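Here the structure comes first, spelled out in structure tokens, and everything after it is commentary.
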């Protein structure tokens, strides 16, 4: 009787492990964070910066496009330094702003001096977090979603 009970338990365990496939022991790629669009992302304190990119026709002047969310309970300011220029973006607590987009005021970078298709270094800072440099892609208006964003 004990042998039969042990065999049943072993069979149930084998079915449970086999039914789960390799998911119990295999690396899960879906748990990795990635940028699903053309821009890049960064987290800085309570601020989440998403899909940050620069749109430019000639690499001399560009429009920085991004989305910034503030998950904190206090208002925050994101400071962006690019090509010797500094821009500040205020984000209220619990809110998201998307400067540079089609319905928003553009963030013009007048002395971009970057190659279209390349990367431009952008330094991000906010109060209470360590600043970080992020390589941001420079794209042109060939794609329909960016043609209205070219300065």
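Since every read-out is calculated from the coordinates, none of them should be taken as a lab result. Computed from a prediction, not measured in an experiment: that's the story for all the values here. Quick reminder, even Gly has a Cβ in these numbers, built from the backbone with ideal geometry, and neighbours come from all protein chains shown.
Please find, within the stretch 94-104, the residue that is nearest to residue 54 (Cα to Cα) out of those that are assigned to a loop (DSSP other than H, G, I, E, B) and touching a residue at least 24 places away in the same chain (Cβ under 8 Å).
Here is the first cut: in the stretch 94-104, the ones assigned to a loop (DSSP other than H, G, I, E, B) are 94-95, 98-104.
Checking the rest, the ones that are also touching a residue at least 24 places away in the same chain (Cβ under 8 Å) come to 94-95, 98-102.
On the way: 94: 25, 95: 23, 98: 13, 99: 12, 100: 9, 101: 11, 102: 13 Å.
For the stretch 94-104, the residue satisfying everything is 100.
Give the stretch 105-127 a look and list any residue that's touching a strand residue (DSSP E or B) at 6+ places or on another chain (Cβ under 8 Å) and either outside any strand (DSSP E or B) or farther than 22 Å from residue 38 by Cβ (or both), or say none. Steps first, please.
If we filter the stretch 105-127 for residues that are touching a strand residue (DSSP E or B) at 6+ places or on another chain (Cβ under 8 Å), which is where we start, we get 106-112, 114-127.
Residues satisfying the conditions are 106, 110, 111, 112, 114, 115, 116, 117, 118, 125, 126, 127.
If only one of 149, 119, 108, 139 is under 15 Å from residue 64 (Cβ atoms) and free of Cβ contacts under 8 Å to residues at least 24 places away in the same chain, which one is it? Please lay out each step first, then the result.
Working: 149 fails: free of Cβ contacts under 8 Å to residues at least 24 places away in the same chain; 108 fails: free of Cβ contacts under 8 Å to residues at least 24 places away in the same chain; 139 fails: free of Cβ contacts under 8 Å to residues at least 24 places away in the same chain.
Answer to the selection: 119.
Which condition from (1) in contact (Cβ under 8 Å) with a residue 40 or more places away in the chain; (2) surrounded by fewer than 11 Cβ atoms within 10 Å (Cβ to Cβ) is the one that residue 9 breaks?
(1)
In the stretch 52-92, which residue that is part of a strand (DSSP E or B) and closer than 15 Å to residue 141 by Cβ is farthest from the chain's Cα centre (by Cα)?
Within the stretch 52-92, the subset part of a strand (DSSP E or B) is 52-55, 62-70, 76-82, 85-91.
Subsequent filtering for residues that are closer than 15 Å to residue 141 by Cβ retains 53-55, 62-65.
Details: 53: 10, 54: 14, 55: 17, 62: 19, 63: 17, 64: 14, 65: 12 Å.
Ranking the qualifying residues of the stretch 52-92, first place goes to 62.
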